[in-house]
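Student: If you scroll down you'll find the structure; I have some questions about it.
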Amino acid sequence: ALQEYDVHTASAQYFPKKKSTTFALAMSNEGYSGIFFKQPKGDGGLAIYWKRSAFAFEPWRQKGHVGHFTLECGLSVKNSAFNYDLREKWHSVKKGAKGDKVTDLSDGDRRNIALVKLIHRKTHKTIWVFCIHMMTSSRDKKGVVKYPGEVRAGELAFAKKIARMHVKKGEGVVFCGDFNCQPSDTEILSGEFGEINFDTGFDKKTKQILWPMKKESKIESFITGTSKMNHSVPNFQKFMRTPIKKIVNISSAKDSKAYEKKNLEHKKTTMESKSSKKKNSESEQSVLRLEEAFAKYHNWKPPTGKYATSVNAARSEWIDQIWYSPAVLKLYHSYPPIVASNSSFPDMENPSDHLPMRAVFTLTHNFATCPICQILHRQLRKSN
């Protein structure tokens, strides 16, 4: 996942002793497919590449497409790739403004967020990759906006909103990019500014991001295997009425009324209890939990040692993050960017003021619960 990406068609010699080619073609030659998500205005944007041998992009599965393409801001591809304009708003205090009005940022200032839905070939798991480049702090600080950090908090709230539109139960998420805020900036991550608040989903206590997931219809959940539909023949004996006298010994009409009243109260209490448990269960199951892959290195504090993601003459910060859903993705290892003392980027080895980050995840596969494996198994049995 790349940010400030503007080399999609830039020709260069990306490998020694090889001819010059575009970056996208160079990645394709190395076995990667990708999408360039253009920002609202300008030539740059975001890019997401994936290894074709490991992941499949649904619209290309049948045709065996191995290439790359550009997706303009505001467009999507067959429920598998989306390029959203973040449409940021702010309380600007520039040029004497009081910050009492919410206004839209101009096209040239706005950012975008990229989404790609990929299918892991070995496990058939669906993985959503979110890539974002949030607003620079120089455009979201005191003296520029009334509530410093409000633009970035609004961008996180937007990410939560679109996650609810697309991500279903059982699907994994990787949410990464240049957040332009440090893990210690919990006010921005949580969107809590006192007078105004944004629903970002970040929990200050657990240090997790909690996103609601898309609700499925019964047909969808049956097809994807996320729930079971009851197709068994009902037991009609359950619906047969049994005389009350056979259940309890009722000696009078007064006792009968008292029993019926007590029985109705018991049923009401039981139904309310079951309804409450069902709601709590559904609530827990419909929440997507994200954890930060490098939390043990930054420990939610500003960098003081050898670890940082962005270093130049003026700053040493950890502003790049990788969030993932542990319910589907197990963090195998994360490789923190190590900064030598007195470092300043860019330099001859690092052409950017951001250092690359890498995290390795594993996915488990259960044949018995995998709906795709079950379909393939049934097809194989029929053919035999």
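Student: Which residue is most open to solvent (accessible area, probe 1.4 Å), if the candidates are limited to the stretch 106-132 and must be of a type in the set (Ser, Thr, Tyr) and either under 14 Å from Pro371 (Cα atoms) or under 18 Å from the mean Cα position of the chain (by Cα) (or both)?
Tutor: Thr126
Student: Looking only at the stretch 345-358, count how many residues are crowded, with 19+ Cβ neighbours inside 10 Å and within 18 Å of the chain's Cα centre (by Cα).
Tutor: Residues in the stretch 345-358 being crowded, with 19+ Cβ neighbours inside 10 Å and within 18 Å of the chain's Cα centre (by Cα): 0 in total.
Student: For the stretch 133-155, name all the residues that are open to solvent by less than 10 Å² (accessible area, probe 1.4 Å) and part of a helix (DSSP H, G or I).
Tutor: Glu150, Val151, Ala153, Glu155
Student: A further question follows. Report whether or not Leu75 is open to solvent by less than 80 Å² (accessible area, probe 1.4 Å) and either over 30 Å from Lys146 (Cα atoms) or in contact with a Leu (Cβ under 8 Å, 6 or more places away or on another chain) (or both). Quick ask: steps written out before the conclusion?
Tutor: Details: open to solvent by less than 80 Å² (accessible area, probe 1.4 Å): no; either over 30 Å from Lys146 (Cα atoms) or in contact with a Leu (Cβ under 8 Å, 6 or more places away or on another chain) (or both): yes.
Judged against the criteria, Leu75 is not a match.
Student: Within the stretch 19-39, how many residues turn out to be at negative phi, over 21 Å from the mean Cα position of the chain (by Cα) and either part of a loop (DSSP other than H, G, I, E, B) or not aliphatic (A, V, I, L, M) (or both)?
Tutor: The number of residues fulfilling the criteria is 9.
Student: For Tyr297, all conditions in the list (1) hydroxyl-bearing (Ser, Thr, Tyr); (2) in a loop (DSSP other than H, G, I, E, B); (3) at pLDDT 85 or above hold save one; what is the number of the exception?
Tutor: (2)
Student: Only residues that are outside any strand (DSSP E or B), touching a residue at least 24 places away in the same chain (Cβ under 8 Å) and more than 30 Å from Ser106 (Cβ to Cβ): list them for the stretch 40-62, please.
Tutor: Residues satisfying the conditions are Ser53, Ala54, Glu58, Trp60, Arg61.
Student: Hey, among the residues in the stretch 197-211 that are of a type outside the set (S, T, N, Q) and buried (at least 17 other Cβ atoms within 10 Å of the Cβ), which one's farthest from the chain's Cα centre (by Cα)?
Tutor: Restricting to residues being of a type outside the set (S, T, N, Q) and buried (at least 17 other Cβ atoms within 10 Å of the Cβ), the top hit is Phe198.
Student: When you check Glu88 against the structure, is it farther than 19 Å from Trp211 by Cβ, of a type outside the set (S, T, N, Q), at pLDDT 95 or above and touching a His at 6+ places or on another chain (Cβ under 7 Å), yes or no?
Tutor: Judged against the criteria, Glu88 is not a match.
Student: Still on this structure: Might you check whether a residue that is among the basic types (Lys, Arg) and over 27 Å from Leu376 (Cβ atoms) occurs anywhere in the stretch 108-127?
Tutor: Checking the stretch 108-127: at least one residue is among the basic types (Lys, Arg) and over 27 Å from Leu376 (Cβ atoms).
Student: Which ones in the stretch 300-324 are under 16 Å from Pro346 (Cβ atoms), open to solvent by 40 Å² or more (accessible area, probe 1.4 Å), in a strand (DSSP E or B) and not charged (D, E, K, R)?
Tutor: The answer is Ser316, and nothing else.
Student: What pairs come up if the first residue lies in the stretch 328-339 and is at positive phi, the second is open to solvent by 80 Å² or more (accessible area, probe 1.4 Å) and in a strand (DSSP E or B), and their beta carbons are under 6 Å apart, counting only those six or more places apart or on different chains?
Tutor: none
Student: Please go through the stretch 349-383 and give me each residue that is within 20 Å of Tyr297 (Cα to Cα) and either part of a helix (DSSP H, G or I) or aromatic (Phe, Trp, Tyr) (or both), ordered by number.
Tutor: Hit for the stretch 349-383 is Phe361, nothing else.
Student: Now a separate question. Looking at the stretch 164-189, which of its residues are in a helix (DSSP H, G or I) and either on the phi > 0 side of the Ramachandran plot or among the hydrophobic types (A, V, I, L, M, F, W, C) (or both)?
Tutor: Answer for the stretch 164-189, where residues must be in a helix (DSSP H, G or I) and either on the phi > 0 side of the Ramachandran plot or among the hydrophobic types (A, V, I, L, M, F, W, C) (or both): Met165, Ile188, Leu189.
Student: So how many residues does the stretch 329-344 have that are assigned to a loop (DSSP other than H, G, I, E, B) and either at pLDDT 85 or above or open to solvent by 40 Å² or more (accessible area, probe 1.4 Å) (or both)? If you could, list the steps in order and put the result at the bottom.
Tutor: Initial filter on the stretch 329-344 (assigned to a loop (DSSP other than H, G, I, E, B)): 329, 336-337, 339-344.
Among the residues that remain, those that are also either at pLDDT 85 or above or open to solvent by 40 Å² or more (accessible area, probe 1.4 Å) (or both) are: 329, 336-337, 340-342, 344.
Total satisfying the criteria: 7.
The values are calculated or read from the model by the stated rules, or taken from the named source; none is laboratory data. Just so it is clear, the structure is predicted and the values come from calculations on it, not from any experiment. As a convention, Cβ positions derive from the backbone with ideal geometry for all residues, glycine included, and neighbour counts pool all protein chains shown. When the accessible area is computed, the model is the full protein with side chains, heavy atoms only, and any ligands, DNA or RNA have been set aside. Shrake-Rupley method; radii C 1.70, N 1.55, O 1.52, S 1.80 Å.
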